[in-house]
Amino acid sequence: MRLVVVSNRVTMPERGEKVAAGGLAVALRSALEQHGGLWFGWSGATSAEPATSVSPVKHGKVSYALTDLTESERQSYYLGFANRALWPLMHYRLGLTEFSRADYAGYLGVNRRFARLLQPLLKPDDVIWIHDYHLIPLAAELRRRGVTNRIGYFHHIPWPPAEVFAALPFSSTLISTMTAYDLIGMQTQNDARNLADGLVTLCGARREGNRVRAGQREAVVQAFPIGIDVEAFRKLAAASVRAATQPVRATTGPLGGRKLVIGVDRLDYSKGIVQRLEAFGTFLRNHPEHRGEVGLLQIAPPSRTDVPEYAELDRLSDEVAGRLNAALGEFDWTPIRVVKKAYSRNALAGLYRRAQVALVTPMRDGMNLVAKEYVAAQNPEDPGVLILSRFAGAAQQLGEALIVNPFDTHEVAEAIRTALAMPRSERLRRFERLYATISSTDIAWWTSRYLAALSGLDVPSGDSVPPGTPKLPRGTRRSGSPAKPARSSVAHGQPRKAGRDFDPVRAKPLPNAPSAR
Ligand code: ADQ
C-alpha cells in the first residue's frame, strides 16, 4: 500500500533540514516515509495561471506534489469560503459567517482542479488521506473522475449541530459530498454525532451505528482524537527551560521571578484570547493579594491577517491588555504581556514548563494541541495546572484539568485562583492521569489507528487507550491510585469499499452567478 496525503498547505522540507519535534506535519511525514508516499497540496504561493499538471519532487522516501493557486483562487477558496464561511460556521459562530456564491464557486473550483491534478499521479493500490475543511468535496471530485481507491478524511476542527450547519447556503450539497469518503475521522464523538446527524437531516442519509449510507455509498464516521509527540516534547521541555526563560528573567514583565500563567494560541477569535485577558483582569480585581505576584504571558502570533475579523482581534487584544495593565499594573509589575510572534518549539516547551498555570480557554476548538503540549512539558516532580475550556475537544479526554466555561469570566478567574493555590499532592495526582492519557493516545497512536481503520483493519471498540500500563514520564512517583484510562472512546467500525455510482457534486447544480460578500 502507498499512502497519499492531501492537505491544503504543504511545505517541502529544505535539503538537510532537521525535522522539528512534534506537530502534525512531522507525524504525516513519518507515516508517509513508513509507507512510501506522496504528499499533494498547495505550495502557499500564487501564480498568474492555474497549473494544468504537477511533477512530484522526491525527498527521501516521500514525493511532494505542490501546486500554486491563482490570486483569485486564494481569495475565494482560501480566504473567502474556507476562512470566512466554513471556519466560523464550524466553530458555531454564525454571526461571523460570511457566505458568497463567488467564494463557494472558487472553493469548488480549486477542489475540482486538485482532483484533476492528483488523479494522474494515483496508483490502483494507493490509500488516500485528505485533511481538513478546505478539501471537503475533494473525494467526490475524485470519484467523479472514476477513482475507486480507499479515501479517508480527517476533520481537524469541530463539526456543528445540523441546525447550525444548515445556515450555510448549499449546506445539503456540501455535506452530501462527505459520503464519497470511506472513512471520516473527527476529533470527538460529539463532532462525529453532529456530522452523522447532519447527513441524515440535510441529505436524507440512513445511519446504522457509525455507518452512514446515501445512495450506493457508505461512509464510516468515527472519532480519532489527535495527539502530540509526547516523548519528544517532554525531552525538549526538560532540556530547554533555562534557555527559554533567561532573556526575560530580568524584566518587569510576568516572568520577572514571579508566578507565571501562560496562554499560547494563534491569534484567532475561536481561541478566546480577549475573554481570557478579561478573566485574568477579573482574577486580579477579585483577589488583590495576588497582584504583583503573578503575571499572564499570552503568546499569540497573528494568523490570516488578510481577513478583517483577525485584524480586529489583533487591535482588540492590544486594547484590552493595555487597559488592564494601565488599571492594575504597578511601576515595577506589568500583569499582562501579549507577545505576537511565533517561538521555536524549544522555547515554547521551556516556557510551558516554567509556567505554574496554562490557560487553554478556546470558545470552541477541534482538539487543541497546546493543552497536550503543556502537560507533556511539565516537571513530573512539580507539575503545573492546566485550565481547559469545556469546548475544546481535548476536554473530552483531559477531565483531570480544571474544566471551565470560557464564556463565564468569573468561573475562569476563580479557576486561576484555585490553580495557583493547588497543593502539590493534588497537582501530582491530576498530572499523572493527564500524562498517562496523552502518552497513550499520542500522535503515533493516532496515525496508526486512523490508517489501520482506513486500510480496512479491525480497530478495537471501547476505550481509546491501547492495552498496557499507561506511561508516565521518567522520575514520576505515582501518587496513590493507578492512572485510569482516557475517557474518550472510539467507535468500532470498518470502512467499506468505494463504489463509483454516487455523484453528490453532480446531483445539485453549482452556484452560478458570483455575487458580492
Ligand atoms: P490550530 O487551530 O492551529 O489547529 P492547536 O491545536 O492549538 O490549534 O495547534 C496550534 C499549534 O501551533 C501548537 O502545536 C502550538 O504549539 C503551535 N503554536 C501556537 N502558537 C505558537 C507560537 N507563538 N509559536 C510557535 N508555535 C505556536 C487545528 C485545530 C485544533 C487541532 C489541530 C490539530 O483548530 O483544534 O488540535 O488543528 O488537529
Pick out the one residue from Val339, Val385, Val370 that is within 12 Å of the ligand (Cβ to nearest atom), in contact with a strand residue (DSSP E or B) (Cβ under 8 Å, 6 or more places away or on another chain), under 27 Å from Leu428 (Cβ atoms) and β-branched (Val, Ile, Thr). Val370
Only residues that are at pLDDT below 90 and open to solvent by 30 Å² or more (accessible area, probe 1.4 Å): list them for the range 30-50, please. Ser30, Glu33, Gln34, His35
Residues Thr173, Thr179: which one is open to solvent by less than 10 Å² (accessible area, probe 1.4 Å) and touching a residue at least 60 places away in the same chain (Cβ under 8 Å)? Thr179
Quick check: anything in the range 344-353 outside any helix (DSSP H, G or I), within 12 Å of the ligand (Cβ to nearest atom) and in the same structural domain as Lys235 (by TED's automatic domain parsing)? yes
Can you say whether Asp382 is in a loop (DSSP other than H, G, I, E, B) and surrounded by fewer than 19 Cβ atoms within 10 Å (Cβ to Cβ), as far as the supplied structure shows? yes
Got a sec? Which of Ser461, Ser448, Ser455 is closer than 28 Å to Lys235 by Cα and at pLDDT below 95? Ser448
Those residues of the range 52-77 which are assigned to a helix (DSSP H, G or I), among the hydroxyl-bearing types (Ser, Thr, Tyr) and open to solvent by less than 50 Å² (accessible area, probe 1.4 Å) amount to Ser76, Tyr77
Kindly provide the set of residues from the range 367-379 that are open to solvent by 30 Å² or more (accessible area, probe 1.4 Å) and either among the aromatic types (Phe, Trp, Tyr) or part of a helix (DSSP H, G or I) (or both), ordered by number. Leu369
Being more than 16 Å from the ligand (Cβ to nearest atom), more than 23 Å from Ala452 (Cα to Cα) and of a type outside the set (Val, Ile, Thr) is the filter here, so list the residues in the range 191-215 that pass it. Asp197, Gly198, Leu199, Leu202, Cys203, Gly204, Ala205, Arg206, Ala214, Gly215
Name the residues in the range 132-149 that are surrounded by fewer than 21 Cβ atoms within 10 Å (Cβ to Cβ) and in contact with a Ser or Thr (Cβ under 7 Å, 6 or more places away or on another chain), would you? Asp132
Starting from the range 442-456, take each residue that is closer than 19 Å to Lys372 by Cα and list its partners that are open to solvent by 20 Å² or more (accessible area, probe 1.4 Å) and charged (D, E, K, R), counting only C-beta distances under 7 angstrom and pairs at least six apart or across chains. Asp442/Asp229; Ile443/Asp229
Looking at this structure, is Leu277 open to solvent by less than 30 Å² (accessible area, probe 1.4 Å), away from the ligand (no atom under 15 Å from the Cβ), touching a Pro at 6+ places or on another chain (Cβ under 7 Å) and under 21 Å from Met363 (Cβ atoms)? no
Exception for Ser317 within (1) open to solvent by less than 70 Å² (accessible area, probe 1.4 Å); (2) within 24 Å of the chain's Cα centre (by Cα); (3) of a type in the set (Gly, Ala, Ser); (4) farther than 19 Å from Trp87 by Cβ falls at (4)
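So that you can scan it fast, the table gives a plain yes or no per residue for (1) within 16 Å of the ligand (Cβ to nearest atom); (2) out of contact with any strand residue (DSSP E or B) (no Cβ under 6 Å at 6 or more places or on another chain):
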{"residue": "Asp103", "(1), (2)": "no, yes"}
{"residue": "Tyr107", "(1), (2)": "no, yes"}
{"residue": "Leu122", "(1), (2)": "no, yes"}
{"residue": "Asp126", "(1), (2)": "no, no"}
{"residue": "Ile136", "(1), (2)": "yes, yes"}
{"residue": "Arg144", "(1), (2)": "no, yes"}
{"residue": "His156", "(1), (2)": "yes, yes"}
{"residue": "Ile184", "(1), (2)": "yes, no"}
{"residue": "Gln189", "(1), (2)": "yes, no"}
Give the range 158-170 a look and list any residue that's away from the ligand (no atom under 16 Å from the Cβ) and open to solvent by less than 10 Å² (accessible area, probe 1.4 Å), or say none. Phe165, Leu168
Filter result for the condition that a residue is on the phi < 0 side of the Ramachandran plot, part of a helix (DSSP H, G or I) and open to solvent by 50 Å² or more (accessible area, probe 1.4 Å), over Ala452, Ala444: Ala444
Filter the range 222-240 for residues that are near the ligand (Cβ under 10 Å from one of its atoms) and in a helix (DSSP H, G or I) and give the result. Phe233
Given (1) in a strand (DSSP E or B); (2) under 30 Å from Ala376 (Cβ atoms), number of the condition Leu28 does not satisfy: (1)
Ala326 being of a type in the set (Gly, Ala, Ser), open to solvent by less than 70 Å² (accessible area, probe 1.4 Å) and either more than 30 Å from Arg74 (Cβ to Cβ) or without any contact (Cβ under 8 Å) to a residue 40 or more places away in the chain (or both): no
All conditions in (1) part of a strand (DSSP E or B); (2) in contact with a helix residue (DSSP H, G or I) (Cβ under 6 Å, 6 or more places away or on another chain); (3) not acidic (Asp, Glu) are true of Arg337 except (2)
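The values are calculated or read from the model by the stated rules, or taken from the named source; none is laboratory data. It should be emphasised that the depicted structure is a prediction, and the values quoted were computed from it without experimental measurement. So basically every Cβ, Gly included, is an ideal-geometry build from the backbone, and we count neighbours across all protein chains shown. For the accessible areas, the whole protein counts, side chains as well, though only heavy atoms, and no ligand, DNA or RNA atoms are used. Shrake-Rupley method; radii C 1.70, N 1.55, O 1.52, S 1.80 Å.
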